[in-house]
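Engineer: I'd like to ask some things about the structure below.
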Amino acid sequence: MDPDIVITVIAALAIAVGLTGIVIPVLPGSILIIAALLGWALGLQSAPAWWAFGVGAVLALAGLLSSAVLTGRRLKQRQVPNISVLAGVVVGVAGMFVIPVVGLIVGFAVGLLLSEYFRRRSLPAAWSASYAALKAMGLGILVELGLAFAAGTVFVGGIWWHFATR
C-alpha cells in the first residue's frame, strides 16, 4: 500500500476527531487539527502538503484564538468571573461520569448557574448571567468550528493538489 495514502487517511481521521473535539470539548480540537496537518506535511514532504499545513494551521489557530477572545469579551461584559466558569468546568467534568454523552454540557451549565446564584443571591440574575455565558461560549464554538472546517477544506485541497502532481 502507498505510504502517502496511509499517512493521508490517518491525518484525515485525526482532523475528523479534532472537529468533533471542538463541539464536544473533551479533546483539544484545533490543536489536534494543527498537529494532524503538521504530521501530514512531515510525512509527505511535498509542497502541496506544506502549503496546506501553513494555511490550515493559520485558520485553525485563528479559530482557537477568536473563540477565546469572543468568549472572554462577552463574559467580561456580563461580569461573569473566571471562578464561575471554573465551577462550571468542575461540575461539567463530574457530569461526564454521571450522564453519558451530554453530561459535560449539562454539568457545565448547572455548575455555572449554581456559582452565579451563590455569588449574586438572585436566581433571575444568575440565570441571565449564565445564559449569556452559555451563548458566548456557543458563539465561540461556532466561530472555531467554522474556521476548523475551513482548515479541513484546505486539507482536502492539499490532498487533491498533492496526488495530482506527484
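Engineer: Stokes-Einstein diffusion coefficient for the stretch 16-71 at 25 °C in a medium of 0.890 mPa s, Rh from the Kirkwood formula over Cα pairs: what value in µm²/s? Please list the in-between numbers first.
Structural biologist: Values: Rh = 11.5 Å.
Value of D from the Cα-based Kirkwood radius: 213 µm²/s.
Engineer: Then there is this: When each pair of different Cα atoms in the stretch 125-166 is counted once in the 1/r mean, what is the Kirkwood radius in angstroms, to one decimal? Please report the intermediate quantities before stating the final value.
Structural biologist: Values: mean 1/r = 0.0793 Å⁻¹.
Final number for the Kirkwood radius of the stretch 125-166 is 12.6 Å.
Engineer: Could you compute how fast the stretch 53-111 diffuses translationally, taking Rh as the Kirkwood radius over C-alpha pairs and applying Stokes-Einstein at 4 °C with viscosity 1.567 mPa s? Give it in µm² per second. Please report the intermediate quantities before stating the final value.
Structural biologist: On the way: Rh = 12.9 Å.
Approximately 100 µm²/s, per Stokes-Einstein.
Engineer: Follow-up question, since we're still on this one. How far, in degrees from 0 to 90, does helix 3-23 lean away from the longest principal axis of the Cα atoms of the chain, to the nearest 10?
Structural biologist: Value to nearest ten degrees: 10.
Engineer: At 222 nm, what value in deg cm²/dmol follows for the chain if DSSP H runs of at least 4 each add -39500 (n - 2.57) and the sum is divided by all its residues, to the nearest 500? Spell out each step's value before the answer.
Structural biologist: On the way: 6 runs with 146 residues, N = 166.
Taking each H run of at least 4 residues, the total per residue is -31000 deg cm²/dmol.
Engineer: Moving to a separate point now. Between 112, 29, 138, whose Cα lies farthest towards the positive end of the dipole of the chain when Lys and Arg beta carbons carry +1 and Asp and Glu beta carbons carry -1, centred on the Cα centre?
Structural biologist: Going by the charge dipole, the pick is 112.
Engineer: Further question on the same structure: Quick one: accessible area per residue over the chain, 1.4 Å probe, rounded to a whole number of Å²?
Structural biologist: Numbers: 9290 Å² over 166 residues.
Value returned for the chain: 56 Å² of accessible area per residue.
Engineer: To continue, here is another question. Based on alpha-carbon centroids, what's the gap between the stretch 144-166 and the stretch 48-119 in Å, whole number please?
Structural biologist: Cα centroid to Cα centroid, the span is 26 Å.
Engineer: While we're on this one: Report, in degrees rounded to the nearest 10, the 0 to 90 angle that the Cα long axis of helix 82-98 makes with the longest principal axis of the chain.
Structural biologist: Tilt of helix 82-98: around 70 degrees.
Engineer: Still on this structure: Can you give the net charge of the other residues whose Cβ lies under 14 Å from the Cβ of residue 114, counting K and R as +1 and D and E as -1? Each step should come with its number before you reach the end.
Structural biologist: Numbers: positive: 119, 120, 121; negative: 116.
With Lys, Arg at +1 and Asp, Glu at -1, the net is +2.
Engineer: State the extension gain, in nm to one decimal, for the chain segment bounded by residue 16 and residue 83, taking 0.36 nm per residue of separation less the distance between their alpha-carbons. It would help to have the intermediate numbers written out before the result.
Structural biologist: Values: separation 67, 0.36 × 67 = 24.12 nm, distance 3.21 nm.
So the extension gain works out to 20.9 nm.
Engineer: Pairing the Cα long axis of helix 123-165 with the longest principal axis of the chain, what angle in degrees results, from 0 to 90 and rounded to the nearest 10?
Structural biologist: Its long axis makes an angle of about 0 degrees.
Engineer: Something else: Provide the FRET efficiency to the nearest 0.05 for the residue 102-residue 47 pair, computing r from the beta carbons and using R0 = 45 Å.
Structural biologist: Numbers: r = 44 Å, r/R0 = 0.97.
Given R0 = 45 Å and the Cβ-Cβ separation, E is 0.55.
Engineer: Which trypsin sites (Lys or Arg not before Pro) from the stretch 1-79 combine a DSSP loop assignment with at most 16 other Cβ atoms within 10 Å? Each step should come with its number before you reach the end.
Structural biologist: Working: sites: 73, 74, 76, 78; in loops: 78.
For trypsin sites (Lys or Arg not before Pro) across the stretch 1-79 that sit outside H, G, I, E and B with at most 16 neighbouring Cβ atoms in 10 Å, the list reads 78.
Engineer: Please list the equivalent ellipsoid semi-axes of the chain, computed as the square roots of five times the alpha-carbon gyration tensor eigenvalues, in descending order and whole angstrom.
Structural biologist: Values: eigenvalues 301, 51, 18 Å².
Working from the Cα gyration tensor, I get semi-axes of 39, 16, 9 Å.
The values are calculated or read from the model by the stated rules, or taken from the named source; none is laboratory data. Please read these numbers as outputs of a predicted model, since none were measured by experiment. So basically every Cβ, Gly included, is an ideal-geometry build from the backbone, and we count neighbours across all protein chains shown. Keep in mind that these areas ignore ligands, DNA and RNA; they rest on the heavy atoms of the full protein, side chains included. Shrake-Rupley method; radii C 1.70, N 1.55, O 1.52, S 1.80 Å.
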